[in-house]
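**Student:** Before I ask anything, here is the structure I am working with.
Here, each number is a calculation from the coordinates, and none is a lab measurement. Treat the numbers as computed from the prediction; the structure is a model and nothing was measured. Virtual Cβ from ideal backbone geometry, glycine too; neighbours counted across all protein chains shown.
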Amino acid sequence: MSTHGWWRLIIDAGNSASVCIVARAQRLKKMAEKKNVKMRKFERADLAEVKNLIDQTIGACYRGVYCAEAVQFFKDWHCIDRILADAEEGYTVVAKQGGQVIGTGTIVGNEIKRVFVDPAFQNRGLGRLIMRELEGRAILMGIGVVNLDASLPSKKFYDSLGYITLEKTFREVENNKRLDFYRMEKTLINK
Ligand SMILES: CC(C)(COP(=O)(O)OP(=O)(O)OC[C@H]1O[C@@H](n2cnc3c(N)ncnc32)[C@H](O)[C@@H]1OP(=O)(O)O)[C@@H](O)C(=O)NCCC(=O)NCCS
C-alpha cells in the first residue's frame, strides 16, 4: 500500500473512533437526563401547566410549518375540556423534571393523542419515553393496534418508532386554509 493509502486508513480509523465516542457521549447524556425525569399519571392540578406546555410547544414547533389559522386550530382543539375529558376516559401521562411539566401524552381506547415535549427538552429521548409508556398501557389493555394523527413535523419521530403511514390527509380550517396531517398506526401485538 502507498504511504498515502496508509495515511487514509489511519485518518478514517481516527474519524470513525471519534464518531463512536461522540455517539456514546450523546447516549450517556440522554440516559442521565432520563433518570431525572419522573413519569406519572395526570392529575387535575396539572391542568394549567399541561395546557400551557401544549400551547407553547404548538407556538414554537408549528410556526413556519402551518399557517396561522392551523396553529390557532391546534391550540383550540387541545382545549382544557378535551384535555380533562380524555384524561378521565383514557390515560394521560405527564413527564416532570424538578417539579416542572416538560412532556405529556394520552391514550384513549386505541388512539394515542396529544404527545408534546417542551421544545427545550426535545431530542433527548423524552418523546420516545412517553410513547413507550402509552404503548405499554395499550398492551396491558390488550390493544393490538394503536393509531394516531401525526402533525407534519412529528412524522419522522413516529416513523422512527415503527409507525406506518396510512394516508396523508387534511382538514379545512378558518379562511379555507388547510391543516395537513398523517394518519398512522402501529401493530403492538400480533393476535
Ligand atoms: C414529536 C415530539 C413529541 C418528539 O419528542 P422528542 O422528545 O423530541 O423525541 P425523542 O428525542 O424521543 O426522539 C425519538 C426519536 O425520534 C427521532 N426524531 C424526533 N424528532 C424528529 C424529527 N423532527 N426529525 C427526525 N427525527 C426525529 C429522534 O431522532 C429519535 O430517534 P433516536 O432515538 O433513534 O435518536 C416533539 O418534537 C414535539 O413535541 N413536537 C411538537 C408537537 C407534536 O408535533 N407532537 C405530536 C403531535 S401529533
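**Student:** Where does each of D149, D76 land when they are ranked from fewest to most other beta-carbon atoms within 10 angstrom?
**Tutor:** Details: D149 14, D76 10.
Ascending number of Cβ neighbours within 10 Å: D76, D149.
**Student:** Quick one: dipole size for region 38-187, taken about the Cα centre, charges +1 on Lys/Arg Cβ and -1 on Asp/Glu Cβ, in debye to the nearest 20.
**Tutor:** Details: 23 positive and 21 negative charges, 102 e Å.
Approximately 480 debye in magnitude.
**Student:** Once label points are set 7 Å from the Cα along Cα→Cβ at both N36 and K155, what is their separation, rounded to one decimal in nm?
**Tutor:** Distance between the two pseudo-spin positions: 3.5 nm.
**Student:** Using the count of nearby Cβ atoms within 10 Å as a rough guide to exposure, how do C61, C67 rank from fewest to most?
**Tutor:** Values: C61 20, C67 17.
If I rank by nearby Cβ atoms, fewest first, I get C67, C61.
**Student:** Could you compute the FRET efficiency for D180 and R82, with r as their C-beta to C-beta distance and R0 at 25 Å, rounded to 0.05? Could the numbers behind the result be given before it?
**Tutor:** Numbers: r = 21 Å, r/R0 = 0.84.
It comes out at approximately 0.75.
**Student:** Past the 18 Å Cα-Cα mark, which pairs from K51/K96; K51/K75; K75/K113; K38/K156?
**Tutor:** Correct reply: K38/K156.
**Student:** For a quick check: sort M184, M39 by the number of other beta carbons within 10 angstrom, fewest at the front. Spell out each step's value before the answer.
**Tutor:** Values: M184 22, M39 16.
With the fewest neighbours first, M184, M39 line up as M39, M184.
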